[in-house]
Amino acid sequence: MSTESSRIINFGAGPSALPDSVLEEATKGLLNFDNTGIGIAEISHRSPEFTSYLSSVEALIRSQLSVPTTHSILFTQGGGTAQFSAVVLNLLARHRLLFPDLKDEERNLDYVLTGSWSKSAHKEGLRMAGKHQVNVAADGRIYSKDSKSFDIIPPHESYKFSKDPVLIYYCENETVNGVQFKHDSESIDKEGKSIEGTFPFHLLPKDKLVPLVGDYSSSFMSRPIPRLADHAVIYAGAQKNIGPAGLTILIVRNDCIVDVDAAAALGAQPVPVTMSYKTLADNQSAYNTPPVLAIYISGLVLKRNAELGGMEYYEKVNRRKMQTVYGALREGEEKGVFRGHVQPGSESWMNVVFVVLGEGKEKAFLKGAEERGMSGIKGHRSVGGMRVSLYNAITEEQADKLAAYMREFIASQ
């Protein structure tokens, strides 16, 4: 049996599927990276060959996402979860330098809650902030079907942002709950009406640099990022769309790369040296050993992305995949076989969350999927049901195969 034919279709939420061609190329680099005679997992991160490769990975991200020169691209470890802490400390330091005379309790951190990950980020903000004020700028649970779940992007009228906050945090795609902001760079239409489901960019100040933080861990490089230049920080754990676990990519506006020690001298909380954005920037992301293997494989994925057509290509493909699977889900809803978790207009392109109705039916659905070579479909323990992840490496043919099975299951009920 060939390697390709023996591989299952991995619909798991992360670590996610990677393209077969990339994995095959990576095996060569494990033995001999860039004709150095040394494997990528063995080579020095300070070698000219690897530092050159790291620069090329940065260039691929910058070109495909149209990252302006006002922003730096940094590579680190710890996943998105480490950035829950790092972004608080770095932006608190920035705020201290900007407003040295403010009392701690006058410094506000704003969080938009749309699912499990933004809830976790908010919890860490509360833990890290000390006497600083941590606010919920909007909470999707208030508008949910049961008033306690995350199944909708909150309406624009519900957002309440602080004046001159330390940060404004949102999670663009909620992996666990299947909730995602609409892909639109405008949040109001030509008639001045809100485009609900989008992030409310129109509510942000237009005369100052806003400390907007976007957690893009589960949608990074799946489609363009709306209003990227308006963000202070965008970060992403890379183990969804572009690489294996271990790498975190940051896009940081240059005014947010500050002297954290100078801020600490004014009373800000000290920032661990490896969490300081200035440390990362000053040392070209190699102050300590970066996740070399994860960077290498991510670079191979990004090179392949560019050859296929970059974000324009993936936006079209991912839209078609999403439409295919949701189409089958809607048919199942009409027949009383499935029930989607997310309210219309807030559905994720990346993570399709639903339940299979009826006693013992979920178990039967999972068994049938496994028999057809599909895995990773069982939902997160906090939500239950099914969760189908349609990250970049999932092909249209694989999405078609899943939809065909869903329709087969519907017909059998």
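The set of residues in region 141-170 that are in contact with a Leu (Cβ under 9 Å, 6 or more places away or on another chain), of a type in the set (A, V, I, L, M, F, W, C) and closer than 26 Å to VAL355 by Cβ contains only PHE150. Number of residues in region 149-173 that are open to solvent by 40 Å² or more (accessible area, probe 1.4 Å) and part of a loop (DSSP other than H, G, I, E, B) equals 4. PRO224 satisfies every condition listed in (1) open to solvent by 20 Å² or more (accessible area, probe 1.4 Å); (2) touching a strand residue (DSSP E or B) at 6+ places or on another chain (Cβ under 8 Å); (3) within 28 Å of HIS202 (Cβ to Cβ) except (2). Flag: SER162 matches the condition of being of a type in the set (Gly, Ala, Ser) and farther than 19 Å from VAL383 by Cβ. Applying the selection to region 243-283, what residues are of a type in the set (A, V, I, L, M), part of a loop (DSSP other than H, G, I, E, B), touching a Gly at 6+ places or on another chain (Cβ under 9 Å) and open to solvent by less than 20 Å² (accessible area, probe 1.4 Å)? Within region 243-283, LEU247 is the sole residue that qualifies. Note on region 124-148: residues that are within 16 Å of ARG107 (Cβ to Cβ), part of a loop (DSSP other than H, G, I, E, B) and open to solvent by 30 Å² or more (accessible area, probe 1.4 Å) amount to 2. Candidates are the residues of region 316-347 that are open to solvent by 60 Å² or more (accessible area, probe 1.4 Å) and not acidic (Asp, Glu); the one that is farthest from the chain's Cα centre (by Cα) is LYS335. Condition check for VAL273 on (1) touching a helix residue (DSSP H, G or I) at 6+ places or on another chain (Cβ under 6 Å); (2) in contact (Cβ under 8 Å) with a residue 24 or more places away in the chain: one failure, at (2).
Yes/no matrix, rows are residues, columns are (1) surrounded by 13 or more Cβ atoms within 10 Å (Cβ to Cβ); (2) among the aliphatic types (A, V, I, L, M); (3) more than 30 Å from THR51 (Cα to Cα):
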| residue | (1), (2), (3) |
| --- | --- |
| VAL301 | yes, yes, no |
| LEU390 | yes, yes, yes |
| LEU402 | yes, yes, yes |
| TYR405 | yes, no, yes |
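Please work out if PHE338 is free of Cβ contacts under 8 Å to residues at least 60 places away in the same chain, touching a helix residue (DSSP H, G or I) at 6+ places or on another chain (Cβ under 8 Å) and among the aromatic types (Phe, Trp, Tyr). No.
For region 176-188, residues that are of a type in the set (Ser, Thr, Tyr) and open to solvent by 10 Å² or more (accessible area, probe 1.4 Å) total 1. Taking region 357-369 as the range and being closer than 23 Å to GLU396 by Cα and either aliphatic (A, V, I, L, M) or surrounded by 12 or more Cβ atoms within 10 Å (Cβ to Cβ) (or both) as the test, the residues that pass are PHE365, LEU366, GLY368, ALA369. The listed residues are ASP215, ASP282, ASP261, ASP255, and the only one of them that is among the acidic types (Asp, Glu), closer than 14 Å to HIS95 by Cβ and out of contact with any Lys or Arg (no Cβ under 6 Å at 6 or more places or on another chain) turns out to be ASP255. Residue pairs whose Cβ atoms lie under 6 Å apart, sitting 6 or more positions apart in sequence or on different chains, and linking a residue in region 88-106 that is part of a helix (DSSP H, G or I) to a partner that is at pLDDT 95 or above and surrounded by fewer than 15 Cβ atoms within 10 Å (Cβ to Cβ), are ARG96/LEU266.
Of the residues making up region 4-38, those that are of a type outside the set (A, V, I, L, M, F, W, C), within 25 Å of SER285 (Cβ to Cβ) and either touching a residue at least 40 places away in the same chain (Cβ under 8 Å) or crowded, with 17+ Cβ neighbours inside 10 Å (or both) are GLY14, PRO15, SER16, PRO19, GLU25, GLY29. Please tell me if VAL176 is under 17 Å from VAL213 (Cα atoms) and outside any helix (DSSP H, G or I). It is false that VAL176 is under 17 Å from VAL213 (Cα atoms) and outside any helix (DSSP H, G or I).
For region 306-315, check the following and say yes or no: at least one residue is modelled with pLDDT of 95 or more, out of contact with any Leu (no Cβ under 6 Å at 6 or more places or on another chain), surrounded by fewer than 19 Cβ atoms within 10 Å (Cβ to Cβ) and of a type in the set (Ser, Thr, Tyr). Checked region 306-315: at least one residue is modelled with pLDDT of 95 or more, out of contact with any Leu (no Cβ under 6 Å at 6 or more places or on another chain), surrounded by fewer than 19 Cβ atoms within 10 Å (Cβ to Cβ) and of a type in the set (Ser, Thr, Tyr). Residue by residue through region 107-142, note down the ones that are polar (S, T, N, Q) and over 20 Å from the mean Cα position of the chain (by Cα). Within region 107-142, ASN108, GLN133, ASN135 qualify.
Of all positions in region 289-296, none carries a residue that is at pLDDT 95 or above, hydroxyl-bearing (Ser, Thr, Tyr), more than 30 Å from LEU74 (Cβ to Cβ) and surrounded by 20 or more Cβ atoms within 10 Å (Cβ to Cβ). Contact map, region 395-407: first residue among the acidic types (Asp, Glu), second residue open to solvent by less than 50 Å² (accessible area, probe 1.4 Å) and in a helix (DSSP H, G or I), Cβ cut-off under 9 Å, separation 6 or more or different chains; pairs are GLU396/VAL317; GLU396/LYS321; GLU396/THR324; ASP400/LYS321; ASP400/THR324.
The values are calculated or read from the model by the stated rules, or taken from the named source; none is laboratory data. Being a predicted model, the structure only gives us computed values, none of them experimental. Methodologically, a virtual Cβ is constructed for each residue, glycine included, from the backbone with ideal geometry; neighbour enumeration extends over all protein chains shown. We work out accessible area using only protein heavy atoms, side chains counted, and drop any ligands, DNA or RNA first. Shrake-Rupley method; radii C 1.70, N 1.55, O 1.52, S 1.80 Å.
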